[in-house]
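Below you'll find the structure, written out as structure tokens, and then a few comments.
The values are calculated or read from the model by the stated rules, or taken from the named source; none is laboratory data. The structure displayed is predicted, hence computed values, not measured ones. Positions of Cβ are generated from backbone atoms using ideal geometry, with glycine treated the same way; all protein chains shown enter the neighbour counts.
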Amino acid sequence: MAHIWHPTTAAEQGRYDDIWFISPEVGWAVNSAGQILHTEDGGKSWPPQHTESETYLRCISFSGPTDGWVGAITAGRRLRKTQDGVKWTPVPEEILPKRPGLVCGICAVSKDVVYASGTQNPDEDNTGVMRTIDGGQKWTELPVGKLANLLIDIFFTDEKHGWVVGGVGGFSYDRLKPVILHTADGGDTWEDRLQNSDIQFPRGEWGWKIQFLNDRLGFVSLENFQGAAILKTTNGGETWQRIEIKDQQGNRINNDLEGIGFLNETQGWVGGHGFRLPGGRRTKTTTGTTDGGLSWFEATNEVGKNINRFRFTGKEPIVGYASGITVYQCLATVSPAEERDLVSSANSLAARIEKESPLVMSVLEISTHVPEGAKQLTISIWNQRQLLIKKLVDEKNPAAGARSFSWDFTKPDGSDAGTGDFIYRINIDDRAESKMVHRPWSASAEELAIRVVKMIEGFAGEAIRRHDKLILPDANGNPVTLKSLFGNPKELMAGLIRGGWVVPGLPERSMFLKSIIGTGTYRGPMEGIFLKEDIQLLNEWIDAGAVIPKGGPGA
């Protein structure tokens, strides 16, 4: 019997952040359009129950068929609840503690006991866990102190025993290392189960999602802008091992993980953002294993794209769901014909999504149709960390018909919003849709080279201490030490080219990136020092021809 993933009828959005099912047929989902959706027929239909225009809904949990909670990563709008499984009401901010300032994870252990964790931004002083023991009438902060700068997912096995995952080590993503905090007293005290693990974690990595299959076997996905790995325990979380997402040949085949889900001890999947191709498109966003994580295979078309959460029902034929661009369902198929139909459906959606993935350089054009009698039109822009960047349109009694709007990537203060992924959300009364676009960084070869010069100057002190033996040829072919060239960045750049460490136009063949920076399997002397933006700059400089700047610093 095969386990086959296929898309449900949930409308495609920029992102479905979370899902929750109380049976194989009955469940809820939250998405980047600000919607809470509900299905009672195993994903055949998804009518919206609740829509918000200015809130980013992030996580969801139910303790039974009627009592549920949704957390948000919008300040001042952190929680909403339902007591009938249908109507959702906001939880007043005045009864909530200061921390967590944003809610990334939520776990309803029972009707009375609920835990929530956050935040996802390490530069904000609002990381923590909160708890209610009376169904939400009162909430208490459960301090984690200096154990974490960022907390994402939370999971409790009962009212006292639970886990929360995140990162610690600094106030920026590139300084973080993973934490897995455990409590046995309802969050009054916490212990980091990775503190004495002897695992050599790279900087810029943190825990994202946690799953326990039973009281012994558990998994945690690790988000890392420059890598892909999970943590696995076979002794109830006493110890953990780090497993990189590699194929049987030892090649890393995913990047920037988020969702993780195992169906049993051997078969599982991870999802996330994958690799960024030239121009900004993403590929290889989902990976699977059939040997418990020892080896992995590409599974984006098989499962779905940009998966942030997996949930399993423990029953057949509907065995699980996953949230990504839509909500996907996993079925235990009973016939080859059924398997072929489901695979065809998954491949068709994957091909269309890949074709429609929009790239925008300077101006984002947004079109919609406003029906007669609409009372409110709102268009808002959110960045890749789901923070509100700008309310682009806010019209009462908007004009009906086809409408077009544009955004030039400026914030309300006139500054540039930067590059990366953006989500735009269109709310017309209770109707909502959202789409994700990508704005790649663009510059001339000369501009890239000037930025590399500035970067070398900034890292010179650290680099000199780390490079003792590497020899490069000077302009006359005479050997000179690499560290002697940091005072002349342009000559260093030229020496890397002359020495064959940089191959103009071919970053994938440039050993400078693999052996010095440490972007391959080898941990170079500068591995973990450069930010992801620095490594991206070096890739783009090489890809653009690795020119030596004529102007700029040192000209």
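Scanning the range 311-345 for residues that are of a type in the set (A, V, I, L, M, F, W, C), outside any strand (DSSP E or B) and over 22 Å from E433 (Cβ atoms) turns up V334, A337, L342, V343. Anything in the range 207-227 that is under 15 Å from L194 (Cβ atoms), in contact with a Ser or Thr (Cβ under 8 Å, 6 or more places away or on another chain) and not hydrophobic (A, V, I, L, M, F, W, C)? List them, or say none. Within the range 207-227, G207, G218 meet the criteria.
Does the range 366-389 hold any residues that are at pLDDT below 95 and surrounded by fewer than 18 Cβ atoms within 10 Å (Cβ to Cβ), and which are they? Listed by number, the residues that qualify are N383, Q384, R385, L387, L388. For the range 286-298, the condition holds for no residue, the condition being that it is under 20 Å from G27 (Cβ atoms), part of a strand (DSSP E or B) and among the acidic types (D, E). When each of T140, T157 is tested for being over 18 Å from the mean Cα position of the chain (by Cα) and more than 22 Å from I230 (Cβ to Cβ), the lone residue that passes is T140. Within the range 211-227, the only residue that satisfies the criterion of being crowded, with 22+ Cβ neighbours inside 10 Å, at pLDDT 95 or above and farther than 15 Å from W240 by Cβ is E223.
Table: residues versus (1) out of contact with any Ser or Thr (no Cβ under 9 Å at 6 or more places or on another chain); (2) under 19 Å from E191 (Cα atoms); (3) surrounded by fewer than 19 Cβ atoms within 10 Å (Cβ to Cβ); (4) in contact (Cβ under 8 Å) with a residue 12 or more places away in the chain.
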position: V109; (1), (2), (3), (4): no, no, no, yes
position: V114; (1), (2), (3), (4): no, no, no, yes
position: Q137; (1), (2), (3), (4): yes, no, yes, yes
position: V144; (1), (2), (3), (4): no, yes, no, yes
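Any residue in the range 186-201 that is among the acidic types (D, E), in contact with a strand residue (DSSP E or B) (Cβ under 9 Å, 6 or more places away or on another chain) and farther than 22 Å from L102 by Cβ? Checked against the condition, which is being among the acidic types (D, E), in contact with a strand residue (DSSP E or B) (Cβ under 9 Å, 6 or more places away or on another chain) and farther than 22 Å from L102 by Cβ, the range 186-201 yields at least one hit. Taking the criterion of being more than 17 Å from F310 (Cα to Cα) and part of a strand (DSSP E or B), the residues of the range 58-69 that qualify are G68, W69. Scanning the range 487-501 for residues that are in contact with a Leu (Cβ under 8 Å, 6 or more places away or on another chain) and either surrounded by fewer than 16 Cβ atoms within 10 Å (Cβ to Cβ) or at pLDDT below 80 (or both) returns a single hit, R498.
Applying the criterion of being surrounded by fewer than 18 Cβ atoms within 10 Å (Cβ to Cβ) and assigned to a helix (DSSP H, G or I) to the residues of the range 459-482, the residue that is modelled with the lowest pLDDT is R466. Candidates R58, R77: the one that is under 27 Å from I426 (Cα atoms) and either within 20 Å of the chain's Cα centre (by Cα) or of a type in the set (A, V, I, L, M) (or both) is R58. Checked against the criterion of being buried (at least 24 other Cβ atoms within 10 Å of the Cβ), over 18 Å from the mean Cα position of the chain (by Cα), more than 30 Å from N255 (Cα to Cα) and modelled with pLDDT of 95 or more, the candidates G162, G187 yield just one match: G187. Taking the criterion of being surrounded by fewer than 16 Cβ atoms within 10 Å (Cβ to Cβ) and modelled with pLDDT of 95 or more, the only residue of the range 165-184 that qualifies is A184. The residues of the range 405-458 that are polar (S, T, N, Q), within 20 Å of the chain's Cα centre (by Cα) and not in a strand (DSSP E or B) amount to a single one, T419.
Count of the range 290-307 residues, restricted to those that are in contact with a Phe, Trp or Tyr (Cβ under 7 Å, 6 or more places away or on another chain) and touching a residue at least 40 places away in the same chain (Cβ under 8 Å), is 3.
Taking the criterion of being surrounded by 15 or more Cβ atoms within 10 Å (Cβ to Cβ) and either part of a helix (DSSP H, G or I) or modelled with pLDDT of 60 or more (or both), the residues of the range 502-525 that qualify are V502, V503, P504, P507, S510, M511, F512, L513, K514, S515, I516, I517.
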